[in-house]
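The values are calculated or read from the model by the stated rules, or taken from the named source; none is laboratory data. Fair warning: this is a prediction, and the values are worked out from it, not measured in the lab. Glycine gets a Cβ as well: all are built from the backbone with ideal geometry, and neighbour counts include every protein chain shown. To get the accessible areas, we keep the full protein, side chains included, count just its heavy atoms, and leave off ligands, DNA and RNA. Shrake-Rupley method; radii C 1.70, N 1.55, O 1.52, S 1.80 Å.
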Amino acid sequence: MHLQGEGSLMNHFDLLRGLHIVAVIAWMAGMMYLPRLYAYHTETAPPGSEFDQHFLVWERKLLKIIINPSMMLVWLLGVGLILYHVYAVGEGWGFLLQPWMMVKLAAVIFISGWHGFLAGSYKKFLAGQRPKSAKFWRATNELPFLAAIVAVLAVTLQFGQR
């Protein structure tokens, strides 16, 4: 009976982890696509034009329907995973000081900050401004994905684990 309960707890962890990964995939997809939209928006749609309005709708929907909800899910499920390690596995809060976990958390904080930057840039587009060049948007397009690679490798390799 004890093993069945333990297996059930592990099934909950696997479900939590799986949903977290799916949410990360959705978040990264949106975070990589939005700068591309910004690059095209900057190049092809003068402020106030009909095409400008189309871009604003596409960008708003991407932020409101995909990027923002998936980020919230990533954070909620991530906190759930931390609580699982702290309480169900009994690792305690010191688990957050593992080198691999600190690297993962730093990557997530960077991606979240980049998300805020992209959302703030949308508000500038909405105001008719072009906050950065198309070249800038293309050059920075992959930043969240690179940070996600670092986070995934930190979790899968768990380097420096005590």
Subset of region 97-118 (residues that are touching a helix residue (DSSP H, G or I) at 6+ places or on another chain (Cβ under 6 Å) and either without any contact (Cβ under 8 Å) to a residue 40 or more places away in the chain or within 16 Å of Trp58 (Cα to Cα) (or both)):
Phe110, Leu118
Does Ala26 satisfy being at pLDDT below 95 and either within 30 Å of Arg138 (Cα to Cα) or touching a Leu at 6+ places or on another chain (Cβ under 9 Å) (or both)?
no
Being closer than 21 Å to Gly30 by Cβ, open to solvent by 40 Å² or more (accessible area, probe 1.4 Å), over 16 Å from the mean Cα position of the chain (by Cα) and among the acidic types (Asp, Glu) narrows it down to one residue among Glu50, Glu43; which is it?
Glu43
Restricting attention to region 76-84, does a residue exist that is under 29 Å from Lys135 (Cα atoms), surrounded by 17 or more Cβ atoms within 10 Å (Cβ to Cβ) and at pLDDT 95 or above?
no
Sort out which residues of region 62-75 are over 10 Å from Ala23 (Cα atoms) and open to solvent by less than 50 Å² (accessible area, probe 1.4 Å), and write them in order of number.
Leu62, Leu63, Asn68
In region 15-34, which residues are surrounded by fewer than 19 Cβ atoms within 10 Å (Cβ to Cβ), within 11 Å of the chain's Cα centre (by Cα) and either more than 17 Å from Leu153 (Cα to Cα) or of a type in the set (S, T, N, Q) (or both)?
Ala26, Ala29, Met32
Here are Glu91, Glu59: which of them is open to solvent by less than 80 Å² (accessible area, probe 1.4 Å) and either of a type in the set (Lys, Arg) or not in a helix (DSSP H, G or I) (or both)?
Glu91
Flag for Arg138 being outside any loop (DSSP other than H, G, I, E, B), touching a residue at least 24 places away in the same chain (Cβ under 8 Å), open to solvent by 40 Å² or more (accessible area, probe 1.4 Å) and not polar (S, T, N, Q):
yes
Please determine, by comparing only the residues of region 107-124 that are surrounded by 14 or more Cβ atoms within 10 Å (Cβ to Cβ) and among the small types (Gly, Ala, Ser), which one is farthest from Met71 (Cα to Cα).
Ser121
Any idea which of Lys104, Lys123, Lys61 is out of contact with any Lys or Arg (no Cβ under 8 Å at 6 or more places or on another chain), of a type in the set (D, E, K, R), within 16 Å of Pro144 (Cα to Cα) and at pLDDT 95 or above?
Lys104
Do we have Lys104 as surrounded by 15 or more Cβ atoms within 10 Å (Cβ to Cβ), charged (D, E, K, R) and assigned to a helix (DSSP H, G or I) here?
yes
Over 16 Å from Tyr122 (Cα atoms), at pLDDT 95 or above and either of a type outside the set (Val, Ile, Thr) or not in a helix (DSSP H, G or I) (or both): does that describe Ala39?
no
Might you let me know whether region 14-36 holds any residue that is touching a His at 6+ places or on another chain (Cβ under 6 Å), assigned to a helix (DSSP H, G or I) and over 30 Å from Gln161 (Cβ atoms)?
no
